[in-house]
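S.K.: Submitted below is the structure of interest, expressed as structure tokens.
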Amino acid sequence: MPKVAIIGTTTWGITLGVVLARRGVEVRLWARTEQEATELRNARYHSRSLSGIILPPQLSITSSLSEALAHAKAVILVVPSQRMRQNIKSVAPHLDGSILIVSAAKGLEIDSNKRMSQVIADEINPDFRSNICVLSGPNLSREILHDLPAVAVVAAWNGAVVRKAQRLLNTPNLCLYINTDVIGVELGGALKNIIALGAGIADGLGYGDNAKSALITRGLTEITALGVTLGANPLTFSGLTGLGDLIATCASPLSRNHYVGVELTKGRSLEEIIKSMNGVAEGVSTTIVARNLAQQFGLEMPITEKIYQVLYQGLSPRQAALELMEAETSHELAGRKWKLFSLFKR
């Protein structure tokens, strides 16, 4: 059977390792420290966030990158977006031209405003860049671990590469579609986390399904507007990595970003909420990047702007909601420097 290396013991990293190992793939999970590797090997379940989930025998854990990547057909990087550059720098010396390089991180790098595939491309041999893929979609780990059906999208610029990734990573309960719009697939997975923060705020304030539906819909329009500006295909955002992931993340209490939004309405500080969490809510850092990009391109992104003000400028969640409702409205596909209106108007 093929061998796959997974970099990162995040909840999603372990989830991917488990589902691939259940299919019979030989998975090597890389832990940053030998202490963590030993804990996982001995316990066979991830005590912090996946209690009760038994790791299959086909999944081994190591703190050695060379061991993890030896003879691997693919390496999947499942690390927080702000640590992607550090991790790919460590992985890069172990790569060769035959290994698929898959990013499963849903975020954007703050310092550079770059997508994860761009960060990876910066740090690897240029000859290997065609092997970069991205994985995204409506994938809540707890459901997938309990064998509930789910789908995702794997994208690469090269059609042959993305089909190879699909064959390698597809499982009975995690069905993979393919796409060649890497920009759209990555941005859909990253930007929906901002809207999920807003959905959590709406739920925390008790605003009901009408308000949350409006927030999700207007949020999708913002995501699409920024995506098109950055070169994505607008149709990608009506698919699994756009609308699909947005629905799952905004509607489910299993979403970390939704959780952060709810907790903000209770008067807790962002710092306190983050410290209390096991995983990373990627929307917190992605909001900074999305706002930077909106300002750079002169785009109107009112939801993103209000979420930013709540997170970093002390605006209360309730006041942010009121200000969004009071905003001047026009055609729903029109916005300052948006390309959407010209694309869709008749």
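S.K.: For Lys114, enumerate residues with amide H under 5 Å from its amide H, sequence gap 5+ or separate chain, H modeled in the peptide plane.
M.R.: Here Glu109 satisfy the definition.
S.K.: Something else about it: Roughly how many debye, to the nearest 20, is the charge dipole of the stretch 3-180 about its Cα centre, given +1 on each Lys and Arg Cβ, -1 on each Asp and Glu Cβ, and no other charges?
M.R.: Here the size comes out at about 300 debye.
S.K.: If the cut-off is 17 Å between C-alpha atoms, which aspartates and glutamates fall inside it for Lys114, apart from same-chain ones fewer than 8 positions away?
M.R.: Asp122, Glu123, Asp181, Glu186, Glu282
S.K.: From the residues Thr38, Ile195, Leu220, which one has its Cα farthest along the dipole of the chain in the positive direction, the dipole being from +1 and -1 charges on Cβ of Lys/Arg and Asp/Glu about the Cα centre?
M.R.: Thr38
S.K.: Assuming 0.36 nm per residue, please report the length gained on full extension of the stretch Glu323 to Glu300 beyond their Cα-Cα distance. Spell out each step's value before the answer.
M.R.: On the way: separation 23, 0.36 × 23 = 8.28 nm, distance 1.46 nm.
Once the chain is fully extended between Glu323 and Glu300, it gains 6.8 nm.
S.K.: At a Cα cut-off below 13 Å, give the aspartates and glutamates reachable from Lys339, other chains included and same-chain residues fewer than 8 away excluded.
M.R.: Glu222, Glu300
S.K.: Rounding to the nearest 20 debye, state how big the charge dipole of the stretch 240-316 is about its Cα centre with +1 on each Lys and Arg Cβ and -1 on each Asp and Glu Cβ.
M.R.: Result for the stretch 240-316 is approximately 140 debye, rounded to the nearest 20.
S.K.: Given bins 10 angstrom wide, list per bin the percent of all Cα-Cα distances in the chain, short to long.
M.R.: Taking all Cα pairs of the chain, the binned fractions are 6, 26, 34, 23, 9, 1, 0 percent.
S.K.: Let me ask another. Can you compute the FRET efficiency between Lys89 and Ile54 using 1/(1 + (r/R0)^6), with r the Cβ-Cβ distance and R0 = 45 Å? Round to the nearest 0.05.
M.R.: Result of the calculation: an efficiency of 0.85.
S.K.: Here is a follow-up. As a test of understanding, state the convex hull volume per residue of the stretch 189-344 from its alpha carbons, in Å³. List each step's numbers first, then the result.
M.R.: On the way: hull volume 16.3 nm³, N = 156.
Hull volume over Cα atoms, normalised by residue count, gives 104 Å³.
S.K.: Skipping prolines and chain starts, which residues have an amide H placed within reach, meaning under 5 Å, of the one on Ile61, given they are 5 or more residues away or on another chain?
M.R.: For Ile61, whose amide H was placed from the backbone, the distant partners under 5 Å are Leu29.
S.K.: Stick to the Cα atoms of the stretch 3-180, pair each with every other, and give me the Kirkwood hydrodynamic radius in Å at one decimal.
M.R.: Here the Kirkwood hydrodynamic radius works out to 16.1 Å.
S.K.: Still on this structure, I have one more. What FRET efficiency comes out for the pair Asn125/Arg163, r = Cβ-Cβ distance, R0 = 22 Å, nearest 0.05?
M.R.: Result of the calculation: an efficiency of 0.45.
S.K.: Next question, about the same structure. Of the residues Leu246, Leu29, Leu220, which exhibits the maximal mean-square fluctuation in a Gaussian network model of the chain defined by a 10 Å Cα contact cut-off?
M.R.: Leu220
S.K.: Quick one: which of Lys3/Lys106; Lys164/Lys337; Lys212/Lys337; Lys73/Lys192; Lys89/Lys266 span more than 28 angstrom between C-alpha atoms?
M.R.: The answer is Lys164/Lys337; Lys73/Lys192; Lys89/Lys266.
S.K.: Only counting other Cβ atoms within 10 Å, I'd like Arg83, Arg115 sorted with the fewest neighbours first.
M.R.: Lowest to highest Cβ neighbour count: Arg83, Arg115.
S.K.: Determine, for each peptide in 257-265, 137-145, the mean count of other beta carbons within 10 angstrom over its residues, then list the peptides with the highest first.
M.R.: The packing order, highest mean first, is 257-265, 137-145.
S.K.: Using only helices, what value at 222 nm comes out for the chain when you add -39,500 (n - 2.57) per DSSP H run of length 4 or more and divide by the total residues, to the nearest 500 deg cm²/dmol?
M.R.: Using -39500 (n - 2.57) per qualifying helix, the result is -14500 deg cm²/dmol.
S.K.: Can you order the peptides 92-104, 196-208 by their average number of other Cβ atoms within 10 Å per residue, highest first?
M.R.: 196-208, 92-104
S.K.: For Lys275, list the aspartates and glutamates whose Cα falls under 13 Å from its own Cα; do not include residues on the same chain fewer than 8 positions away.
M.R.: In chain and number order, the partners are Glu263.
S.K.: Of the candidates Glu332, Glu34, Glu305, which one comes out as most mobile in a Gaussian network treatment of the chain with C-alpha springs shorter than 10 Å?
M.R.: Glu332
S.K.: I've got another one for you. Can you tell me the dipole magnitude for the chain around its Cα centre, using point charges on the Cβ only (Lys, Arg +1; Asp, Glu -1), in Debye to the nearest 20?
M.R.: 520
S.K.: Please list 3J(HN,Hα) in residue order for the stretch 200-211, calculated via the Karplus relation 6.51 cos²θ - 1.76 cosθ + 1.60 where θ = phi - 60°; whole Hz, with x for glycine and proline.
M.R.: Ordered by residue, 3J(HN,Hα) equals x, 4, 4, 5, x, 8, x, 7, x, 6, 4, 5 Hz.
S.K.: Oh, and also: Quick one: which residues, 5+ away or cross-chain, put their amide H under 5 Å from the amide H of Cys133? H built at 1.01 Å from N.
M.R.: Distant-sequence amide H within range of Cys133: Ile101, Val102, Ser103.
S.K.: Pulled fully out, how much extra length does the chain show between His71 and Ser238, if you take 0.36 nm times their separation in residues and subtract their Cα-Cα distance? Working shown, then result.
M.R.: Working: separation 167, 0.36 × 167 = 60.12 nm, distance 3.75 nm.
Going from the current span to full extension adds 56.4 nm.
S.K.: With a cut-off of 16 Å, note down the residues of the stretch 131-155 whose backbone N falls inside the zone around a label point 7 Å from the Cα of Thr180 toward its beta carbon.
M.R.: 131-134, 154-155
We did not get these values from a lab; they are worked out from the coordinates using the rules stated. As the structure is a computational prediction, the values presented were derived from the model and not from experiment. Here Cβ is always computed from backbone atoms with ideal geometry, including for glycine, and neighbour counts include all displayed protein chains.
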